[in-house]
Amino acid sequence: MKIYWTKISDIIEESPDTKTYLIDCPEEYTWEEGAHIHLGLEGFNAGDKPDKSLVRHMSISTLPDEDKIGITTRIREQRSDFKHRLDELTAGSPVAIFKTHSNVPLKREDKPVYLLSSGVGIATFRPLVLDYLSNPDKIEKIHSLNIDSTKNYLFKDIFETLPEKGLTSQFVDNRKHYYEEVQKLAQDEEGLFYVVGSDAFLLENLAVLRGQGVSPEQIMLDKHEHRKQEFFL
Ligand SMILES: Cc1cc2nc3c(=O)[nH]c(=O)nc-3n(C[C@H](O)[C@H](O)[C@H](O)COP(=O)(O)OP(=O)(O)OC[C@H]3O[C@@H](n4cnc5c(N)ncnc54)[C@H](O)[C@@H]3O)c2cc1C
């Protein structure tokens, strides 16, 4: 396993409790849309065993042609030690990235794609939408539905409604409205449904989608294949 030590180049305040960290891209490092990394903070591998409290999975919210590895995360008042340390980092601080993998690359199967996310989960989909906008080949259309009770909706400049480009986007602030919309979207028998959020959120979405007759093959979760199966039991 290769560990890349690199540096934070910039920190963007997306909303009062959400930040995007732009990280210098190591030479020859690349990734697919939908990829996640392990993000390690200084000291995570200083001892005999890796200190897991200093490591988190993070989706990459950028594409390689943006030249930076972006990770977007919420840092609330009540926060883990990891988020506390992350919040203290500044441009120039070292971070480690390793084990890059995408569970949710964009499927180009001439079908409509639905991106269902909760809160900061929309960050996983940002590169999918950018990839689609630069090359819509074999994708009928993309619709994004995001729920965020804080109403601090993220990446509104990218998650726009552009009918001429086959992109539509909806942000809602409550569960009732959200699941009403999911029910409607699930009517599309051809649809591919990507879901990103907490495990509880995934289970709720699966119940609604499966209840409407959507098959497991039409549903993409940001989980390794063996973990994904557990959600369909
Ligand atoms: C494939 C994959 C991709 C992921 N991508 C992302 C991503 O792009 N962005 C992202 O943010 N996360 C992502 N995650 C989740 C991420 O790895 C972390 O699990 C998540 O951000 C929570 O971080 P944390 O454990 O440091 O807790 P925190 O975010 O600090 O806290 C989690 C919750 O617990 C509460 N809490 C924490 N400490 C306390 C306390 N002492 N007292 C009371 N309440 C407390 C917080 O308020 C918050 O509601 C991903 C996970 C996977 C598996």
If you check Ser118 against the conditions, is it touching an Asp or Glu at 6+ places or on another chain (Cβ under 8 Å), at pLDDT 95 or above and assigned by TED's automatic domain parsing to the domain that holds Phe155? yes
Go through (1) open to solvent by 10 Å² or more (accessible area, probe 1.4 Å); (2) of a type in the set (Ser, Thr, Tyr); (3) free of Cβ contacts under 8 Å to residues at least 40 places away in the same chain for Ser144 and report which single condition fails. (1)
Residue under question is Lys19, and the condition is that it be touching a residue at least 24 places away in the same chain (Cβ under 8 Å), of a type in the set (Lys, Arg), open to solvent by less than 50 Å² (accessible area, probe 1.4 Å) and within 16 Å of the ligand (Cβ to nearest atom); does it hold? yes
In the set Gly70, Gly40, the lone residue that is of a type in the set (Gly, Ala, Ser) and either part of a loop (DSSP other than H, G, I, E, B) or closer than 16 Å to Ile12 by Cβ (or both) is Gly70
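Might you let me know whether region 157-180 holds any residue that is of a type in the set (D, E, K, R) and within 16 Å of the ligand (Cβ to nearest atom)?
Start the filter on region 157-180 by keeping residues that are of a type in the set (D, E, K, R), which leaves 157, 160, 164-165, 173, 175-176, 180.
When the remaining residues are screened for being within 16 Å of the ligand (Cβ to nearest atom), the result is none.
No.
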Only listed residue being more than 16 Å from the ligand (Cβ to nearest atom), under 21 Å from the mean Cα position of the chain (by Cα), surrounded by fewer than 19 Cβ atoms within 10 Å (Cβ to Cβ) and farther than 21 Å from Ser134 by Cα, chosen from Asp10, Asp67, Asp87, Asp48: Asp10
From the option list Gly166, Gly92, single residue qualifying as touching a residue at least 24 places away in the same chain (Cβ under 8 Å) and surrounded by 14 or more Cβ atoms within 10 Å (Cβ to Cβ) is Gly166
Among the numbered criteria (1) within 14 Å of the ligand (Cβ to nearest atom); (2) over 30 Å from Lys138 (Cβ atoms); (3) out of contact with any strand residue (DSSP E or B) (no Cβ under 6 Å at 6 or more places or on another chain), which one does Asn103 miss? (2)
Consider only pairs whose beta carbons are under 7 Å apart and that are at least six residues apart or on different chains; among these, list those whose first residue lies in region 50-67 and is under 22 Å from Phe159 (Cβ atoms) and outside the structural domain of Leu130 (by TED's automatic domain parsing) and whose second residue is assigned to a helix (DSSP H, G or I) and within 9 Å of the ligand (Cβ to nearest atom). Ser59/Ala123; Ser59/Thr124; Ser61/Ala123
Would you mention how many residues in region 70-84 are within 7 Å of the ligand (Cβ to nearest atom) and either aromatic (Phe, Trp, Tyr) or buried (at least 20 other Cβ atoms within 10 Å of the Cβ) (or both)? 4
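The values are calculated or read from the model by the stated rules, or taken from the named source; none is laboratory data. Because the structure is a prediction, the values reported are computed rather than measured. A quick note on method: Cβ atoms are made from the backbone with ideal geometry, for glycine too, and the neighbour counts reach across all protein chains shown. Heavy atoms of the whole protein, side chains included, go into the accessibility calculation; ligands, DNA and RNA do not. Shrake-Rupley method; radii C 1.70, N 1.55, O 1.52, S 1.80 Å.
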